[in-house]
Structure formats: structure tokens, C-alpha cells
Amino acid sequence: MNRRFANHMRGLLVALASLAAWSAPAGAADPDTTVMLVATPALSDPIYRSTVLIARPMEDGRFLGFIVNKPTKITLAQAFPDHGPSKKVPDPIFLGGPERMNTLFALVKRAQSPGKGSLQLTPDLHVVLSGATVDEVIENDPEHARFLFGVVVWQPGELDSEIKRGAWYVEQPQTDLMMRKETSGLWKELVQRLNMRRGAV
């Protein structure tokens, strides 16, 4: 399968900062911390409304993120009919974001790195950017992975601006929630939980 990055995307591995200790930011996206973003009911954008994302900082002030609760109707077998291992993965491919939608990424729930071209998001979650390593995950560990087409990239200051406008709740990443197999009610569940918690403060 040909899923190589364009030259400017290959630079992501160099540009991403080392992940610091992770904790929940109070009211903005911490430039050193991976966060879980939950769209607020006020966010009406057709791509991002009712979404849950994981976002990781880059050393140049940008953020890299993936939507985790928007499954498509396409499976790996349909996308890659000539790849034998893909035919054995019944789960749908998710929409990860509107950029690089011709590129397949993988979120892998494990403490150890899945291999070359992987970045740690939380202590037990990695994102795989390398096409060759995505292939290895499909072949060897698909049950612990979520496969996604596309990525979200925020330019410097863009995510903070969206948060100040009330587009996102910013929370500590919860791997079990973000990697849940059934995601149809995930956004609503999180919004209700967050609203209840804020009401109790």
C-alpha cells in the first residue's frame, strides 16, 4: 500500500516536541501537554460538531490532533482490497481530520511504541504516522488499534483562540474512552458528564 507522506509531512517527526508529564489544563491548551478535546454544543462546524479529539503539541506552537468518534462506512478491506491482512479487520476506518485524508494513521493502545514513526500521546496510547508501521499494526495488532484517514493541524494560537470562543472543553486524555469500540454516544456522554461536574463546582 502506498501511504507515504509528502515531504512537508515527513518533517512532523522532527518537529514534534517530547511529551511532558500529562495533566488536565484549566482553560487553555497547554503547549507541553496532550489533551482531550470535546466539542461544546456551541460548535456547529459540520466536521467538528459533536466530536471528541486527542491533540498533541508541536514545538513550533502548532497542535496535531485526531477525531476519535467519527467512524466512516469504509473498512480496511474496502479501502485496500489487495492487502490480505486488511481483509481480516472488520472495524471501520475513522475520520481523523480534514487534512491529509488520503493518508492512513493508527492510534494504538499500548505502553510500548508500535515502531518507527510512532509518537506517544499518553502513557498507554501512541499514534503511528509511518505508513510502513501502520501496515505492521494491521498485520500484527489490529485489535488494539483505531485506523483513521486524515489529521487535524492547528496553527500557532489557533486552538487557544477556538477554546476562548467556547468551541472546546479541554480535558485530561482518557484512553479507554477515546479508544472505545462503540462511539455513537460518546460525545453526548462526555458533555453530560462535564456539564454535571461544572454544575457541582
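Only the coordinates and a few stated rules stand behind these numbers; no lab work does. Since we're looking at a predicted model, the values are computed, not measured. Note that each Cβ is placed from the backbone with ideal geometry, even for glycine, and that neighbours are counted across all protein chains shown.
Yes/no per residue for (1) of a type in the set (Lys, Arg); (2) surrounded by fewer than 17 Cβ atoms within 10 Å (Cβ to Cβ); (3) part of a loop (DSSP other than H, G, I, E, B):
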{"residue": "VAL38", "(1), (2), (3)": "no, no, no"}
{"residue": "PRO41", "(1), (2), (3)": "no, yes, yes"}
{"residue": "ILE54", "(1), (2), (3)": "no, no, no"}
{"residue": "ASP82", "(1), (2), (3)": "no, yes, yes"}
{"residue": "ARG100", "(1), (2), (3)": "yes, no, no"}
{"residue": "PHE105", "(1), (2), (3)": "no, no, no"}
Worksheet item: Condition test on GLU136, is it of a type outside the set (Ser, Thr, Tyr) and under 16 Å from the mean Cα position of the chain (by Cα)?
Response: no
Discussion item. Condition (residue is of a type in the set (Val, Ile, Thr) and within 13 Å of the chain's Cα centre (by Cα)) applied to region 76-99: is it met by at least one residue?
Written reply: yes
Item to complete: Just name the residue that is nearest to the chain's Cα centre (by Cα) out of those in region 175-189 that are farther than 12 Å from ILE54 by Cβ and among the polar types (S, T, N, Q).
Response: THR183
Worksheet item: Which one of the conditions (1) outside any helix (DSSP H, G or I); (2) more than 18 Å from VAL38 (Cα to Cα) does GLU139 fail to meet, given that it meets all the rest?
Response: (1)
Fill in: Which numbered condition GLU182 fails, given (1) within 18 Å of VAL68 (Cβ to Cβ); (2) surrounded by 14 or more Cβ atoms within 10 Å (Cβ to Cβ)
(2)
Item to complete: Evaluate the following for ALA167: is it under 14 Å from the mean Cα position of the chain (by Cα) and surrounded by 18 or more Cβ atoms within 10 Å (Cβ to Cβ)?
Response: no
Discussion item. Scan region 121-128 and tell me whether some residue there is closer than 18 Å to GLY65 by Cβ and polar (S, T, N, Q).
Written reply: yes
Worksheet entry | Filter result for the condition that a residue is without any contact (Cβ under 8 Å) to a residue 24 or more places away in the chain, surrounded by fewer than 21 Cβ atoms within 10 Å (Cβ to Cβ) and either over 17 Å from THR40 (Cβ atoms) or under 16 Å from the mean Cα position of the chain (by Cα) (or both), over GLN112, GLN172, GLN192 | GLN112
Worksheet item: For GLY131, all conditions in the list (1) more than 21 Å from MET36 (Cα to Cα); (2) in contact with a helix residue (DSSP H, G or I) (Cβ under 7 Å, 6 or more places away or on another chain); (3) in contact (Cβ under 8 Å) with a residue 40 or more places away in the chain hold save one; what is the number of the exception?
Response: (2)
Worksheet item: Would region 170-181 turn up any residue that is touching a helix residue (DSSP H, G or I) at 6+ places or on another chain (Cβ under 9 Å) and closer than 21 Å to ASP60 by Cβ?
Response: yes
Item to complete: Filter region 115-128 for residues that are touching a residue at least 60 places away in the same chain (Cβ under 8 Å), assigned to a strand (DSSP E or B) and not aliphatic (A, V, I, L, M) and give the result.
Response: GLN120, THR122
